[in-house]
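Written below as structure tokens is the structure these notes are about.
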Amino acid sequence: MSKWKGIITLVAVGNPLFYLVAIGIGIGVLVTENSGTSGTGGVEYIVFIAPALLANTALLGAMDETVFPVMEGFKWRKMFYATNSTPITGPQIALGVFIAALVRVAFSVFLYWIFLIAFGVMTFQDSWLAPIVAMYGGAAFGALMMGIVAGVQKDDYFLTVLGRLIITPLFLFSGTFFPLTNMPIFLQPIGWISPLWHTTELGRYFSYGYEISGLMLLVHFLVLTAMLVAGIKIANVRFTNRLLK
Amino acid sequence: MSESLITARGLTKKYGDFTAVDGIDFDVAKGESFGLLGPNGAGKSTTMRIIAATSRRTAGTISILGRDPEEHGPQVRAHLGVVPQQDNLDTELTVAENLYIYGRYFGLSKKFVKGRVDELLAFAQLEEKKDVKVEALSGGMKRRLTIARALVSEPDILMLDEPTTGLDPQARHILWDRLFRLKEDGVTLIITTHFMDEAEQLCDRLVVMDKGKIMAEGSPAELIKKYATREVLEVRFGSDKNREVAPILHKLCDRIEELPDRILMYVEDGEALLEEIVAKKLHPNTSLVRRSSLEDVFLRLTGRSLIE
């Protein structure tokens with residue numbers, strides 16, 4: 001990962017910045033002109049989507065740093081087999097990948113958060129827990145992806161499906177650009193299972209005082225925790241079995 | 001036999017219905033250079049992976065340095081240096097970084113590993129390539145680096161799976177020289193190969209494997225003595241005529257092998273036999289007298305050539 005510092009920084013700031021400017025400002029004007037702030041719980045549109053973009057930065061960063069290293073380690077360059085020829089075990093390799101992913105997520109999230117404060121979209125006092133929450137969502141999604149990818153044999157098929165049919169709908173149907181409740185009820189379950197929605201909802205609560213019940217706070221937190229724990233458990237089992245052929 | 005480092009009894013590995021290793025027994029003594037010889041798919045690499053504590057056996061027992069590799073994987077692996085069939089170096093890192101990081105996986109101190117890296121760069125003749133990324137190295141250099149990497153923890157046992165497959169003759173000879181030095185230093189070597197010359201050069205003792213079973217065991221010289229004759233006469237009469245003359249040749253020699261392109265005749269004195277053949281007015285297109293090799297042993301044991 002040390003070799004990719006430059007590109008990680010660019011991606012961390014660049015990609016969500018494009019969304020922030022294009023959608024937050026561009027579409028934000030449309031939204032505000034037509035419905036004021038009534039559709040976004042009383043805050044400007046850009047304030048409404050900023051926590052979602054922060055969560056998205058965390059989740060995509062976590063995905064990059066779990067999916068690709070795990071594919072490389074097991075399939076493309078098979079480096080995990082070299083590591084496993086030493087006293088290092090499968091679960092230790094998984095833990096190493098996970099910690100490296102968290103470092104990248106922390107870096108990207110904090111950088112983007114500072115940006116949001118600089119743009120006046122968030123304030124330090126109100127939102128200091130927002131990056132932590134985003135990181136927690138990233139950790140949960142990263143763990144889950146690591147567990148899934150550890151079992152993938154046909155990588156080209158998997159990566160296409162992941163990118164086009166999983167990540168894009170998650171991004172669009174997780175209450176990122178509009179409240180999830182705007183969607184017809186049959187589409188809302190996509191959000192319910194999406195780590196992005198749970199992270200975004202928590203992020204809104206911890207950045208501008210978005211109204212949310214104590215029960216839902218707990219639900220969001222528990223869903224992410226369940227993903228984190230399940231992901232790590234699955235990864236540990238799969239890493240061990242795949243290395244010990 | 002001196003102290004046994006590895007003891008395997010009835011070792012078996014199945015993948016579904018396929019039996020890769022079929023109840024084999026062997027011992028490897030300290031300081032010995034032990035070879036597993038056989039064609040592709042004979043079960044050599046699977047056996048190596050079980051010894052390396054990176055594969056679970058289906059049945060049988062195995063003890064490596066007194067430990068069961070399935071129960072004590074990390075502890076067993078701490079004493080092994082593993083050179084896999086395909087190099088799995090980190091191609092994005094430099095030569096020195098590959099050695100350093102691998103050494104740190106063994107929990108060795110930074111200071112020790114740094115010293116070891118310099119020694120191993122010299123051993124692998126890669127000092128000038130120290131800061132070069134691995135992807136820029138030649139095949140022979142990558143192989144030497146993989147071997148150097150396996151030595152970083154000063155292992156008790158060095159395991160080499162097909163160490164010279166895919167290398168050109170010059171690179172092979174450099175590698176053999178390096179391995180010979182390790183052997184002289186008393187490192188226990190376990191080598192799989194399907195190259196006869198490699199087994200003869202490097203192995204004190206070997207087992208011949210085929211279809212997951214051990215067909216024979218001994219030193220290269222013992223095996224040749226037991227399963228072949230001193231010399232081999234190879235004659236070619238042309239592909240159609242080989243079959244015609246074979247019955248006549250059989251009367252002159254107890255053991256002959258008909259291969260698609262030539263006939264092998266196992267005798268003590270090849271020149272004398274050739275004279276007899278010529279005296280019978282049989283004139284082979286080409287003829288060659290050579291010493292018997294492990295290739296002949298394998299042919300005898302399995303009825304097949306090693307490289308098909």
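Things to note:
- Shielding by other protein chains, B:148-161, mean Cβ within 10 Å: 1
- Residues in segment B:220-236 carry Karplus couplings, in order, of x, 5, 4, 5, 5, 5, 6, 10, 9, 9, 5, 10, 10, 9, 9, 10, 10 Hz; the curve used is 6.51 cos²θ - 1.76 cosθ + 1.60 with θ = phi - 60°, and Gly or Pro positions show x.
- Rounded FRET efficiency, nearest 0.05, which uses the C-beta distance separating A:Arg164 from A:Thr32 and R0 of 45 Å: 0.90
- Taking label points 7 Å from Cα along the Cα-to-Cβ direction, B:Glu268 and B:Arg291 give a separation of 1.9 nm.
- Applying the Karplus relation 6.51 cos²θ - 1.76 cosθ + 1.60 with θ = phi - 60° to segment B:201-215 yields 3J(HN,Hα) values of 6, 9, 9, 6, 8, 8, 10, 9, 10, 8, 6, x, 10, 8, 8 Hz, where x marks Gly and Pro.
- Cα gyration tensor category, rounded, prolate or oblate, for segment B:205-308 with a/c compared to 1.5: prolate
- Phi to ³J(HN,Hα) by Karplus 6.51 cos²θ - 1.76 cosθ + 1.60 over segment B:15-20, Hz, x for Gly, Pro: 10, x, 7, 7, 9, 7
- Average partner coverage of B:73-85, which counts Cβ from other chains inside 10 Å: 3
- 5 angstrom amide H check on B:Ala216, placed H, neighbours 5+ away: B:Val208
- The residues of the protein assembly as shown expose, per residue, 46 Å² of accessible area to a 1.4 Å probe.
- Cα-based shape type of chain A, given that a ≥ b ≥ c are square roots of the gyration tensor eigenvalues and the cut on a/c is 1.5: prolate
- When all protein chains stay in place and ligands, DNA and RNA are ignored, the 1.4 Å accessible-area order of B:Tyr100, A:Tyr112, largest first, is B:Tyr100, A:Tyr112.
- Just the protein heavy atoms count here, and of the accessible area of the protein assembly as shown at 1.4 Å, carbon and sulfur take up 58 percent.
- Annotation: amide H-H contacts under 5 Å for B:Arg255 (H modelled 1.01 Å from N, sequence separation of 5 or more, or interchain): B:Tyr266.
- Solvent exposure ordering (accessible area, 1.4 Å, most first) of A:Trp113, A:Trp76: A:Trp76, A:Trp113
- Mean partner shielding of peptide A:75-85, defined as the number of other chain Cβ atoms within 10 Å of each residue Cβ, is 6.
- Shape descriptor for chain B: Rg over Rh equals 1.05 (Cα atoms; Rh from the Kirkwood inverse mean 1/r).
- With the whole protein complex present, A:Met216 retains an accessible surface near 60 Å², based on a 1.4 Å probe.
- Anisotropy class of segment A:91-229 from Cα gyration tensor, a/c 1.5 cut: oblate
- Using a probe of 1.4 Å, the accessible surface attributed to B:Ser109 totals some 60 Å² when neighbouring protein chains are kept in position.
- Formal net charge of residues neighbouring B:Ser219 (Cβ-Cβ distance under 13 Å; K, R +1; D, E -1): -2
- Buried area at the B:A interface is about 1900 square angstrom, summed over both chains, from accessible surfaces computed with a 1.4 angstrom probe.
- Viscosity 1.002 mPa s, temperature 20 °C, Stokes-Einstein D of the protein assembly as shown from Kirkwood C-alpha radius, µm²/s: 77 µm²/s
- Legend: residues A:Val29, B:Val132, A:Val97, sorted from most to least accessible area (1.4 Å probe; ligands, DNA and RNA excluded), read A:Val29, B:Val132, A:Val97.
- Of the GluC sites (Glu not before Pro) found in segment B:26-102, the ones in coil according to DSSP and having at most 13 other Cβ atoms within 10 Å of their Cβ are B:Glu71.
- Neighbour-limited loop hits for trypsin sites (Lys or Arg not before Pro), segment A:91-173 (at most 11 other Cβ within 10 Å; DSSP other than H, G, I, E, B): A:Lys154
The values are calculated or read from the model by the stated rules, or taken from the named source; none is laboratory data. For clarity, every value in this text was computed on a predicted model and none was experimentally measured. Backbone-built Cβ (ideal geometry, glycine too); neighbour counts: all protein chains shown. Side chains are part of the model used for accessible areas, which takes the heavy atoms of the whole protein and leaves out ligands, DNA and RNA. Shrake-Rupley method; radii C 1.70, N 1.55, O 1.52, S 1.80 Å.
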